[in-house]
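Peer 1: Provided herewith is a single structure, encoded as structure tokens, for subsequent inquiry.
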Amino acid sequence: MKRKKTIEEINEKIKNGSAVILTAEEVSKLSENNSPEEIFKKVDVVTTGTFGAMCSSGAFINFGHSNPPIRMEKTKLNNVPVASGLAAVDVFIGATEESEGNHKYGGAHIIESLIKGEDVKLEALAKGTDCYPRKEIKTTINKNNVNEMYLYNPRNAYQNYPSAVNTTNKLIYTYMGNLLPKMGNVNYSTSGELSPLLNDPELRTIGIGTRVFLCGAQGFVSWQGTQFNTSVKNNSQGIPTKNSRTLALIGDMKQMDPEFIKAVYFKNYGVSIYIGIGIPIPILDEEIAKFVSIKNRDIETIIADYGTDGHPEIGRTNYEELQSGSIIINKKRIRTASLSSIYKARIIAEKLKKQIADGSFEITKPVQNLPTNTKLNSLEIRGDE
């Protein structure tokens, strides 16, 4: 029977300073001359990182009560509408919610400002009740005068994502950036061999309760992410070739670092937010050692035509080719560009590596595994359109 490690054993090695911790890029280089069995024996934890646009993100905020109190019903932060239908002074602000007066400004900017410690204007209206008589309030909030503010992101850290081209004769504007006509460019948005869920494609070490690096703070996996899809076919390396699993993440915004979160605007698409995520992968056995040894050339992704309804697949490539700066499609060399930041992903993986080594970031065992048999449903249009 082959030897296995436990998370408890690995945490004990971290405490006594004997654990070997490598970034995903470092272990990929090590695997050039070492088998999965040798990597299992030599390495205890591999750190990953990604920094890219993750639209399905947002924040819960509790403002605290005024005197007299108000039951907020229509609420805005810096003129951005927020969801008030939770309780008297609890709201949820979605990252892609846009300002009523400026479509280039939205919830993502509010979240970034609060993490930076900046003041944000709060306006709320209410009908007034016996227990909450106030009907209007205007004030300012910041991270020091609200009770709680925490990210709750329903869909982060996509496991692979299609690269995007445009086969039409006109320029199109998408959440994958500007796509030039006649396949003038290819955009992609995954950090390749650094990407968290590509280093543990079956999520054997990642589940509910897993501690993660989230925008500079310690956060947790709270559930499977929305559009969690395990039905995607894998390549010969056991890795999904397009968007598959996702994570729902939660973390305290008061502890976050603005270096690892950034509001953005995509022309003719809207507001989004860049989120920095790092996840440690404990090397429990040889199979996990094999998965963390993946290299960019091993990770395939489809090339999708965003100029055509349904974004059909028109080809395949891998991250070594994408990160080279150009790929060949139909005998035509096309330049590539990453919407995610490989530079920031490396910083996150290195920072997480140091935190684990100094004992400030403990590896956690999931309290429950995530689903293994899911698929996506599509919205059907019924009745009059």
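The values are calculated or read from the model by the stated rules, or taken from the named source; none is laboratory data. The shown structure was predicted, so the numbers you read here are calculated from the model rather than taken from an experiment. Please note: Cβ atoms are built from the backbone with ideal geometry, for glycine as well, and neighbour counts cover all protein chains shown.
Peer 1: Since K182 meets every condition but one in (1) part of a strand (DSSP E or B); (2) without any contact (Cβ under 8 Å) to a residue 24 or more places away in the chain, which condition does it not meet?
Peer 2: Result: K182 passes all but (1).
Peer 1: How many of the residues in segment 234-256 are in contact with a strand residue (DSSP E or B) (Cβ under 7 Å, 6 or more places away or on another chain) and free of Cβ contacts under 8 Å to residues at least 60 places away in the same chain?
Peer 2: Qualifying residue count, segment 234-256: 2.
Peer 1: Name the residues in segment 314-325 that are assigned to a strand (DSSP E or B), touching a residue at least 60 places away in the same chain (Cβ under 8 Å) and more than 10 Å from V165 (Cα to Cα), would you? Give the derivation first.
Peer 2: Going residue by residue through segment 314-325, those that are assigned to a strand (DSSP E or B) are 314-318.
Add one more test, that the residue is touching a residue at least 60 places away in the same chain (Cβ under 8 Å), and what stays is 314, 316-317.
R316, T317 - these are the residues of segment 314-325 that are assigned to a strand (DSSP E or B), touching a residue at least 60 places away in the same chain (Cβ under 8 Å) and more than 10 Å from V165 (Cα to Cα).
Peer 1: Here is a check on your reading of the model: is K170 in a loop (DSSP other than H, G, I, E, B), in the same structural domain as E193 (by TED's automatic domain parsing) and exposed (fewer than 15 other Cβ atoms within 10 Å of the Cβ)?
Peer 2: Numbers: in a loop (DSSP other than H, G, I, E, B): yes; in the same structural domain as E193 (by TED's automatic domain parsing): yes; exposed (fewer than 15 other Cβ atoms within 10 Å of the Cβ): yes.
Answer is yes for this residue.
Peer 1: Hey, another quick one. List every residue pair whose Cβ atoms sit under 8 Å apart, with the two residues 6 or more apart in sequence or on different chains, where the first one lies in segment 206-233 and is touching a residue at least 60 places away in the same chain (Cβ under 8 Å) and farther than 11 Å from N156 by Cα and the second, anywhere, is assigned to a loop (DSSP other than H, G, I, E, B) and among the acidic types (D, E).
Peer 2: Within 8 Å, the pairs are I206/D200; R211/E362; C215/D257; G216/D257.
Peer 1: Here's another thing I want to ask about it. Would you mention how many residues in segment 46-81 are part of a loop (DSSP other than H, G, I, E, B), closer than 30 Å to Y188 by Cβ and not aliphatic (A, V, I, L, M)? Before the answer, list the steps.
Peer 2: Filtering segment 46-81 down to residues part of a loop (DSSP other than H, G, I, E, B) leaves 48-49, 54-57, 63-69, 71-73, 78-79.
With closer than 30 Å to Y188 by Cβ added as a condition, the list becomes 48-49, 54-57.
Still in the list and also not aliphatic (A, V, I, L, M): 48-49, 55-57.
Within segment 46-81, residues that are part of a loop (DSSP other than H, G, I, E, B), closer than 30 Å to Y188 by Cβ and not aliphatic (A, V, I, L, M) number 5.
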